[in-house]
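What follows is a set of notes on a single structure, which appears directly below.
The values are calculated or read from the model by the stated rules, or taken from the named source; none is laboratory data. Everything numeric in this text was worked out from a predicted model, so none of it was measured. Virtual Cβ from ideal backbone geometry, glycine too; neighbours counted across all protein chains shown.
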């Protein structure tokens with residue numbers, strides 16, 4: 001509502017229908033009216049809806065599990081379809097009455113679709129190519145997103161589409177008897193690059209809910225994916241997979257290219273011309289797939305990436321990138337000390353140094369974070 005109001009006020013100002021002071025008073029009044037009820041009720045309502053959705057979903061699954069063995073295959077399939085239809089029909093009924101509840105029910109319906117697809121695969125023994133189930137689930141989420149345009153469906157699609165591509169890669173490797181870390185490196189790096197893209201989807205406080213959700217997804221996934229990416233870069237030889245007769249280097253190059261290209265395409269759709277900074281970040285990501293790092297080089301590369309994320313956050317005025325970059329840098333220093341330094345000092349000196357590192361390092365990093373946050377806030381004004 002507020003962006004629309006701002007557009008109207010701007011038009012009226014340009015037409016000379018009001019002065020700037022009157023426009024500002026109207027804007028302040030409408031902002032207070034919009035926030036007054038939501039400040040008190042928004043989080044309790046969202047929490048109640050989230051808990052209610054989870055409980056309904058868990059109760060439905062428990063009911064299905066309790067009666068599953070006594071049902072015929074046809075009855076099982078009908079029950080799965082009825083469950084999906086019930087959630088979506090409930091969402092349609094509540095669309096005008098309680099939009100948030102409707103959104104939650106539609107999201108539960110899409111989740112139930114995924115469970116239904118894999119249950120149907122078990123019922124009819126359709127296990128030959130299991131990534132096909134994820135593809136069908138992703139198509140269902142895409143269809144729901146095209147119809148509903150709500151952030152839950154968009155978030156599910158943002159998770160399921162790359163999950164399908166990763167599952168196809170894993171299934172392709174399994175068919176060639178390749179398991180473990182040999183094939184995981186490319187998959188994890190593709191997910192890491194996509195998480196970085198999702199993190200940079202945020203532009204400002206007026207972002208639509210889907211951009212905010214993508215920012216949360218990227219922020220929550222970035223460090224958990226970054227740690228194994230760096231660990232594999234230090235432990236796994238990227239040429240070892242090429243030595244297998246069943247895997248050609250072209251296969252690896254195409255997989256790596258597709259994984260990184262996906263993140264760039266998504267970044268271009270989300271960020272437009274600012275995608276050039278995502279391309280610069282790709283310069284940091286690609287060596288993790290192509291080079292076997294020494295342990296010291298991995299620590300240095302991690303620190304460089306974290307500092308780059310801090311600089312990126314400062315440049316685009318995004319506090320979450322600033323905080324994640326500082327947290328990643330602190331984690332890198334801590335792991336380096338614990339793995340490379342502490343054992344050489346002895347137990348007592350090592351623990352003393354670790355304590356001092358936590359106290360002094362945390363103090364200095366917090367001071368730095370506050371200074372940078374103040375600078376960022378000043379730049380935003």
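Values computed for the structure shown
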item: Some residue of the range 216-223 being surrounded by 19 or more Cβ atoms within 10 Å (Cβ to Cβ) and either touching a strand residue (DSSP E or B) at 6+ places or on another chain (Cβ under 9 Å) or in a helix (DSSP H, G or I) (or both); result: yes
item: Boolean, residue 158 is farther than 18 Å from residue 256 by Cβ and out of contact with any strand residue (DSSP E or B) (no Cβ under 9 Å at 6 or more places or on another chain); result: yes
item: Residue check for residue 100: touching a helix residue (DSSP H, G or I) at 6+ places or on another chain (Cβ under 6 Å) and either farther than 19 Å from residue 156 by Cα or outside the structural domain of residue 148 (by TED's automatic domain parsing) (or both); result: no
item: Selection status of residue 201, more than 21 Å from residue 257 (Cβ to Cβ), in a helix (DSSP H, G or I) and at pLDDT 90 or above; result: no
